[in-house]
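First up is the structure itself, then whatever we jot down about it.
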Amino acid sequence: MKIKKGDKVVVIAGKDKGVSGTVLRVLPELDQVIVEGVHVVKRHQRARRSSESGQIIDKTLPIHVSNVALADPKSGKPTRVGIERKDGVRTRVAKKSGSVIK
């Protein structure tokens, strides 16, 4: 998977199309990522003790990795990711601008 935790990504499909955010977590076994502020739903949480009250919480759910694209470091627009190898070191490169992704 070419998207890593901490990357800036742009949603390219779905109800949150056009929204950008930071990857909080990567789930490679499911080909999904959790992006900050994307695919947020309301969940009812039950009271655990009698003194505690129930509440409605906002929860960020995973989105499929094919529905997000890495944001270009220069322009911020969606771009594909290429891999370059120099002296045995593997680096990710944005296809649009050619800049190195950290």
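Of these, Val41, Val23, Val9, Val33, which one is among the β-branched types (Val, Ile, Thr) and touching a helix residue (DSSP H, G or I) at 6+ places or on another chain (Cβ under 6 Å)?
One residue alone meets the criteria, Val33.
Within region 73-102, which residues are closer than 25 Å to Leu30 by Cα and of a type outside the set (Gly, Ala, Ser)?
Scanning region 73-102 gives Pro78, Thr79, Arg80, Val81, Ile83, Arg90, Thr91, Arg92, Val93, Ile101, Lys102.
Out of region 61-100, which residues are charged (D, E, K, R) and outside any strand (DSSP E or B)?
Asp72, Lys74, Lys77, Arg80, Asp87, Lys95, Lys96
Select from region 51-60 the residues that are in a strand (DSSP E or B) and over 18 Å from the mean Cα position of the chain (by Cα) and write down the one among them that is farthest from Val41 (Cα to Cα).
Gln55
Residue by residue, here is whether (1) at pLDDT below 95; (2) more than 17 Å from Lys102 (Cβ to Cβ); (3) surrounded by 12 or more Cβ atoms within 10 Å (Cβ to Cβ); (4) small (Gly, Ala, Ser) holds:
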residue	(1), (2), (3), (4)
Lys5	no, no, no, no
Lys15	yes, yes, no, no
Leu24	no, yes, yes, no
Gly37	yes, yes, yes, yes
Lys42	no, yes, no, no
Arg49	yes, yes, no, no
Asp58	no, yes, no, no
Lys74	yes, no, yes, no
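The values are calculated or read from the model by the stated rules, or taken from the named source; none is laboratory data. All figures in this text were calculated on a predicted structure; none of them were measured in a lab. A quick note on method: Cβ atoms are made from the backbone with ideal geometry, for glycine too, and the neighbour counts reach across all protein chains shown.
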